[in-house]
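Colleague: Sharing a structure, written as structure tokens. Questions coming.
Here, each number is a calculation from the coordinates, and none is a lab measurement. Owing to the predicted nature of the structure, the values given are computational and were not obtained by experimental measurement. A quick note on method: Cβ atoms are made from the backbone with ideal geometry, for glycine too, and the neighbour counts reach across all protein chains shown.
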Amino acid sequence: MTNPTSKQPKTVGGDVRQRLMAAALELLQSEGFQALTQARVAEVAGVRQSHLTYYFRTRNDLLKAVVEEGCSALLGMMEMNASPGKVTLAKFRDALLSATQDQNMPRLLIALSVASDEEPALKGWLVEFNRGLLAHLDTSFRQFGLKPSSEDLMLFHATMVGTTVLSLQHTEMKWTHTKNKIMRLAFDRLVASSRVLLASTRKAGRT
């Protein structure tokens, strides 16, 4: 976030930056990616377009900020629910499932992926974003004494992202149950594989 200065635009009924990000989410949900223009976002936020460009020079900068905030909330939840002294591994799994119910994140990531065709620099940002998410997942599992292989972790991540994106194509409750079943299965398989790997490593260390 840009540091406040004497030239910073005055807020109108709240923090302008947060209002702009909220307006972007609202437009994405109600009208789709095509409606996400700087002029339209500023209109929905109730501010001048010059205020928007002060905080977010381009539409892609705005999208990245919304994704980063959503990811920060997700990672904060993961850290809160990845403490063995507070919750069980099953509760951590359920917390991850709950986080994937929000369809804003996959919409934003798809929008950024599309935008990256026009702005190649975004591709590098998306790669780093996914690396960061994988690192946090790895840290969370290690809090429970698990050390998943990089392959198992990437498979779980791909399953989590894939089922969440597929959810955008379905509205029926039946798919939600199916998605949760797939996610639980992927989670439990990662845990089982990690435990087998850990046991094998300990056995090799004793020989």
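Colleague: Would you mind computing, in nm to one decimal, how far apart the modelled labels at Gln49 and Trp175 are, each placed 7 Å from Cα along Cα→Cβ?
Modeller: For Gln49 paired with Trp175, the spin-label model returns 3.5 nm.
Colleague: With θ set to phi - 60°, apply the Karplus curve 6.51 cos²θ - 1.76 cosθ + 1.60 along the range 16-27 and write out the HN-Hα couplings as whole Hz, x wherever there is a Gly or Pro.
Modeller: Values per residue, Gly and Pro as x: 4, 4, 5, 5, 5, 5, 5, 5, 4, 5, 4, 5 Hz.
Colleague: Once phi is turned into ³J(HN,Hα) by the Karplus curve 6.51 cos²θ - 1.76 cosθ + 1.60 with θ = phi - 60°, what whole-Hz value does each residue of the range 127-132 show in order, with x for glycine and proline?
Modeller: Rounded to whole hertz, the list is 4, 5, 4, 5, 4, x.
Colleague: Across the chain, where is the longest run that never hits GluC sites (Glu not before Pro) in a DSSP loop with at most 16 other C-beta atoms within 10 Å?
Modeller: Counting at most 16 other Cβ atoms within 10 Å as exposed, the longest clean stretch of the chain is 32-117.
Colleague: While we're looking at this one, here's another question. Ile182 to Arg57: FRET efficiency via 1/(1 + (r/R0)^6), r the Cβ-Cβ distance, R0 41 Å, to the nearest 0.05?
Modeller: Values: r = 39 Å, r/R0 = 0.96.
Once rounded, the FRET efficiency stands at 0.55.
Colleague: Go through [x] 19.1; [y] 16.7; [z] 15.9 and flag the label whose value is the computed Kirkwood radius over Cα pairs in Å for this structure.
Modeller: [x]
Colleague: Around Gln38, with a cut-off of 13 angstrom between Cβ atoms, what is the net charge of the other residues, counting Lys and Arg +1 and Asp and Glu -1? Don't skip to the answer; put the middle values down first.
Modeller: Details: positive: Arg40, Arg48, Arg57, Arg59; negative: Glu43, Asp61.
Result for the local shell: +2.
Colleague: Using a Cα distance threshold of under 21 Å, what count of lysine pairs results for the range 66-206 when pairs must be 8 or more residues apart or interchain?
Modeller: Eligible lysine pairs with Cα atoms under 21 Å apart amount to 5.
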